[in-house]
Amino acid sequence: MALTHLRGKTAFITGAASGMGRGMARVFAQQGVNIALADIDLPSLEEARDEIAKLGVDARGYLLDVSDRAQVYEIADAVEKDFGKVHIVCNNAGVGSGAPSLDETPDEIFDWMFAVNTMGPIHGFKAFAPKLKKHGEGGHIVNTASIAGMRMAPGMNNGIYAGTKFAVVALSFAMQDAMAPHKIGVSVLCPAGVDTNIYRAGRVRPDRFGGPFEREISPGLAALLKAGLSPDQIGRYVLRAVQDNDFFIFTHPETRQWVMEWHERVMKGFDRADELRGLLGINNPPQPDLAKMKRG
């Protein structure tokens, strides 16, 4: 169900104090949408709330660590109490962290990145889906993944980040399947370069994941991010996806080739399977299409 009439509705956005989340908040507020901003960075959250309120909508800030399930459920209840019906949920909070070789990456980096990037959207979905279903007016859920959730590139050393985002893409598909009967749309945002501070997320890493840290990013990566799309441009893509009920939100069409190259590698794996079937003499029957069996 596309949400074409947005004025007066409420959007809950995580990671809303900066970057893409703040861009989404601005763009939605310009359409008359009330905004519940959630973030772990309190000073930036208060600044963002004040900025959004000046756009003439009800804007409130909620200090939130999306990796904490109980906290997400508690904030979801508070948002519903403060605003009433919530129609749009943007599970956007995310962290990026350069790391050494995968086998040498500290356990707390694995734990932190999956807890925020993958479990965060799960917590947001589980906390808000019943609330969107309850009012029966439809709605939309947007999960922030990345183009890294659609392909792996050799030499990038971003396997953990990509792993968290691959999971978000798959989970978003499952969420869409679950929510469709309730007229609730689901989108997955897969941007490439965006001018954000995602690689400074370590400044607010919780103590249970090793505490705050600062990292230096290479001049090349810093320049790439600076040259990327602005957060407000991303917000405009997200707004249109909500209005049109799009599933994939690709913001950089030129990355089509990256994904095609990844799938070519997958197809080569199937070619090898054909070869091995003959070499090994294994003639198992064709696998049934379970999705078609379920529909039938």
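Counting only residues that are assigned to a helix (DSSP H, G or I), small (G, A, S) and under 13 Å from the mean Cα position of the chain (by Cα), which one in the stretch 88-136 is surrounded by the fewest Cβ atoms within 10 Å (Cβ to Cβ)?
Quick first cut of the stretch 88-136, residues assigned to a helix (DSSP H, G or I) only: 102-104, 107-117, 119-135.
Going one step further and asking which of them are small (G, A, S), we end up with 115, 120, 124, 127, 129.
Now narrow it down to the ones that are under 13 Å from the mean Cα position of the chain (by Cα): 115, 120, 124.
Numbers: A115: 21, G120: 29, G124: 28.
Residue satisfying both the conditions and the ranking: A115.
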Given the conditions (1) more than 21 Å from I141 (Cα to Cα); (2) surrounded by 13 or more Cβ atoms within 10 Å (Cβ to Cβ); (3) out of contact with any Leu (no Cβ under 9 Å at 6 or more places or on another chain), every one holds for Q176 apart from (1)
Within the stretch 64-87, take every residue that is of a type outside the set (G, A, S), out of contact with any Gly (no Cβ under 6 Å at 6 or more places or on another chain) and not in a helix (DSSP H, G or I) and give me the one that is farthest from V116 (Cα to Cα).
K85
Pairs with Cβ under 8 Å, 6+ apart, first in the stretch 156-169 and closer than 17 Å to D107 by Cβ, second surrounded by fewer than 18 Cβ atoms within 10 Å (Cβ to Cβ) and among the polar types (S, T, N, Q):
I160/T105
Could you tell me whether any residue of the stretch 251-268 is touching a helix residue (DSSP H, G or I) at 6+ places or on another chain (Cβ under 9 Å), under 22 Å from N92 (Cβ atoms) and not in a helix (DSSP H, G or I)?
yes
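Against the definition (outside any helix (DSSP H, G or I) and either closer than 26 Å to G8 by Cα or not basic (K, R) (or both)), how does V186 come out, yes or no?
Numbers: outside any helix (DSSP H, G or I): yes; either closer than 26 Å to G8 by Cα or not basic (K, R) (or both): yes.
For V186, the condition - outside any helix (DSSP H, G or I) and either closer than 26 Å to G8 by Cα or not basic (K, R) (or both) - is met.
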With of a type in the set (A, V, I, L, M), in contact with a His (Cβ under 7 Å, 6 or more places away or on another chain), at negative phi and in contact (Cβ under 8 Å) with a residue 12 or more places away in the chain as the only criterion, which of V66, V79, V27 stands out?
V66
Is it true that some residue in the stretch 45-62 is in contact with an Asp or Glu (Cβ under 7 Å, 6 or more places away or on another chain) and part of a loop (DSSP other than H, G, I, E, B)?
no
Within the stretch 174-194, how many residues turn out to be in contact (Cβ under 8 Å) with a residue 60 or more places away in the chain and either out of contact with any helix residue (DSSP H, G or I) (no Cβ under 8 Å at 6 or more places or on another chain) or not small (G, A, S) (or both)?
9
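Values quoted throughout were computed directly from the atomic coordinates according to the rules given, and no laboratory measurement underlies them. Owing to the predicted nature of the structure, the values given are computational and were not obtained by experimental measurement. No Cβ is skipped: glycine too gets one built from the backbone with ideal geometry, and neighbour counts run over all protein chains shown.
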